[in-house]
1. Starting from residues that are of a type in the set (V, I, T) and under 17 Å from the mean Cα position of the chain (by Cα), keep the ones in segment A:49-68 and report whichever is farthest from A:P103 (Cα to Cα).
2. Looking for something surrounded by fewer than 18 Cβ atoms within 10 Å (Cβ to Cβ), without any contact (Cβ under 8 Å) to a residue 24 or more places away in the chain and facing chain B (nearest Cβ under 7 Å) - is there at least one such residue anywhere in segment A:200-211?
3. Quickly run through segment A:222-265 and pick out the residues that are over 25 Å from the mean Cα position of the chain (by Cα) and among the aliphatic types (A, V, I, L, M).
4. Assuming A:K24 fulfils every condition listed in (1) under 22 Å from the mean Cα position of the chain (by Cα); (2) not in a loop (DSSP other than H, G, I, E, B) apart from one, which condition is it?
5. Which residues, counting only those in segment A:38-49, are within 13 Å of A:V72 (Cα to Cα) and either modelled with pLDDT under 95 or surrounded by 15 or more Cβ atoms within 10 Å (Cβ to Cβ) (or both)?
6. When you scan segment B:116-132, how many residues do you find that are surrounded by fewer than 19 Cβ atoms within 10 Å (Cβ to Cβ), closer than 22 Å to B:I74 by Cβ and more than 15 Å from the chain's Cα centre (by Cα)?
7. If B:A155 satisfies all but one of (1) without any contact (Cβ under 8 Å) to a residue 60 or more places away in the chain; (2) more than 7 Å from every other protein chain (Cβ to nearest Cβ); (3) within 18 Å of A:L198 (Cβ to Cβ); (4) hydrophobic (A, V, I, L, M, F, W, C), what's the number of the condition it fails?
2 protein chains.
Amino acid sequence: MAIRRRMPGTEIRVWARREESIEKVRVLGLADEASTDAAAIAKGAGLIVLCMPVGAMPEIAHRIVPVVNPSVVITDVGSVKQPVVEKLGAIFSGRAQFIGSHPMAGSEQAGIEAAREDLFDRAVTILTPEESSDKETVAALAKFWEGMGCRVAVATPRVHDEAVALISHLPHLAAAALVQAALRENPAALEWRGNGFLDTTRVALGPAEMWAGILSENREAVKKAIHAMIENLVEVTKLLDAEETGAIEDYLAEARLVRDRLKQK
Amino acid sequence: MAIRRRMPGTEIRVWARREESIEKVRVLGLADEASTDAAAIAKGAGLIVLCMPVGAMPEIAHRIVPVVNPSVVITDVGSVKQPVVEKLGAIFSGRAQFIGSHPMAGSEQAGIEAAREDLFDRAVTILTPEESSDKETVAALAKFWEGMGCRVAVATPRVHDEAVALISHLPHLAAAALVQAALRENPAALEWRGNGFLDTTRVALGPAEMWAGILSENREAVKKAIHAMIENLVEVTKLLDAEETGAIEDYLAEARLVRDRLKQK
């Protein structure tokens with residue numbers, strides 16, 4: 001939908017795993033062509049964007065590699081980049097130009113019904129080229145995402161994975177852990193939740209299979225982020241024990257100030 | 001605003017600490033009378049609702065106790081109930097009918113500018129009477145909150161405080177800790193945050209002084225809730241170490257299911 005709106009005239013072809021998804025794409029008129037046959041859809045494409053759980057990418061890459069050529073640009077939208085770049089880089093090496101992307105856009109919703117043409121507006125998209133990546137291809141891919149309305153950043157896969165562990169993977173886990181903590185300690189309390197609880201735990205509505213894959217693929221960085229979270233919680237516990245209400249206020253006030261600067265998308 | 005809309009004809013008097021807040025109330029036409037003199041505002045009232053940080057309540061209670069009488073109903077909207085009920089119950093004992101309330105409504109915003117006439121619509125309000133509380137007064141107070149659009153629940157102050165530690169105080173602290181963890185480990189990562197991070201940390205925009213007071217006043221229950229959160233995070237760390245992706249998926253799926261049932265306000 002964003003390509004249609006922002007890059008009129010582009011030929012759009014969609015692959016999906018299930019026939020019923022293809023049917024929805026057709027009914028909604030979202031593509032010039034749609035099929036469950038990945039190779040048929042990929043054949044002749046100039047840019048291929050892999051949108052699927054990171055664990056499913058290698059299989060699809062193997063299916064399309066016979067129909068691509070070294071001038072084709074291939075990217076993905078996965079939340080973890082080191083394993084994706086490693087695996088897909090190897091599969092497409094010498095066969096196509098693969099460069100990882102991660103648009104920081106989306107919601108807890110899934111499926112074509114949740115599609116929005118303004119989803120990418122002003123979102124940050126992080127590109128994770130390797131040292132061997134062709135510079136012109138990186139520039140062309142950056143131009144594509146900017147054309148979609150994104151602000152583009154470039155980082156190594158490792159720097160990306162460590163950053164998103166803190167700003168995306170840990171928040172997801174914290175949201176799930178807040179629900180689980182209440183469920184286990186005092187399930188009746190959930191009946192009294194206000195909007196604050198609903199906001200804080202909204203991301204926990206995201207697909208569990210996809211998120212379990214993301215957390216597992218980014219294991220080391222996620223563990224480091226969890227450790228930082230626990231350290232923070234222990235610090236506040238100590239302040240509570242010491243009745244240091246002023247220090248707790250400083251802690252909250254600093255978080256408030258930093259969060260306030262991030263207010264606008 | 002909610003009283004105006006739902007209980008037309010009610011005489012509304014507003015007290016605020018600062019003269020500039022009183023001026024705003026007057027300009028916005030939100031009250032029949034407004035003043036920084038608590039006793040003058042309280043005198044002759046049938047129902048008094050204390051809306052201020054919990055730590056500031058005893059002082060105001062002392063100021064209004066000379067002008068009330070045993071038929072006056074007094075309540076508050078504080079987030080912690082044991083210390084409030086204890087302190088205010090003692091101050092008003094034999095002088096007025098005090099019963100604690102906690103409407104689970106509000107947002108991260110503060111001040112009269114953030115007022116909304118539909119704030120209480122369908123929110124849960126928890127009443128925390130003591131054993132000695134007059135049953136008819138409890139019923140009358142419940143009727144008031146129902147008239148404001150709330151669903152009313154009744155609990156002991158202790159049960160209330162333990163529940164809100166899990167569904168309100170811990171989520172607030174987790175939101176602040178997520179911001180602090182990123183700030184300390186990798187501040188540049190914050191530039192890349194998407195909407196998920198913004199939602200999960202929105203409550204951290206709440207006033208730091210008020211929240212430091214809430215966490216401190218509810219120290220024991222908050223510490224128990226933090227402990228439950230840490231246990232959950234440690235559990236997931238162990239699953240990551242054991243490469244139990246299926247168990248992580250089950251953990252997230254259960255949280256998702258429970259959160260999904262809470263979707264509607």
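1. Narrowing segment A:49-68 to residues of a type in the set (V, I, T): A:49, A:54, A:60, A:64-65, A:67-68.
If we keep only those that are under 17 Å from the mean Cα position of the chain (by Cα) as well, we get A:49, A:54.
Working: A:V49: 12, A:V54: 14 Å.
Ranking the qualifying residues of segment A:49-68, first place goes to A:V54.
2. Scanning segment A:200-211 turns up no residue that is surrounded by fewer than 18 Cβ atoms within 10 Å (Cβ to Cβ), without any contact (Cβ under 8 Å) to a residue 24 or more places away in the chain and facing chain B (nearest Cβ under 7 Å).
3. Of everything in segment A:222-265, those that are over 25 Å from the mean Cα position of the chain (by Cα) and among the aliphatic types (A, V, I, L, M) turn out to be A:L233, A:V234, A:V236, A:L239, A:L240, A:A242, A:A247, A:I248, A:L252, A:A253, A:L257.
4. Here A:K24 meets the rest and fails (1).
5. Scanning segment A:38-49 gives A:A42, A:A45, A:I48, A:V49.
6. Of the residues in segment B:116-132, 3 are surrounded by fewer than 19 Cβ atoms within 10 Å (Cβ to Cβ), closer than 22 Å to B:I74 by Cβ and more than 15 Å from the chain's Cα centre (by Cα).
7. Here B:A155 meets the rest and fails (3).
Table: residues versus (1) at pLDDT 95 or above; (2) within 7 Å of chain A (Cβ to nearest Cβ); (3) crowded, with 17+ Cβ neighbours inside 10 Å; (4) assigned to a helix (DSSP H, G or I).
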position: B:D161; (1), (2), (3), (4): yes, no, yes, yes
position: B:A165; (1), (2), (3), (4): yes, no, yes, yes
position: B:H169; (1), (2), (3), (4): yes, no, yes, yes
position: B:Q180; (1), (2), (3), (4): yes, yes, yes, yes
position: B:L239; (1), (2), (3), (4): yes, no, yes, yes
position: B:D250; (1), (2), (3), (4): yes, no, no, yes
position: B:A253; (1), (2), (3), (4): yes, yes, no, yes
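The values are calculated or read from the model by the stated rules, or taken from the named source; none is laboratory data. All values reported here derive from a predicted model rather than from experimental measurement. Here Cβ is always computed from backbone atoms with ideal geometry, including for glycine, and neighbour counts include all displayed protein chains.
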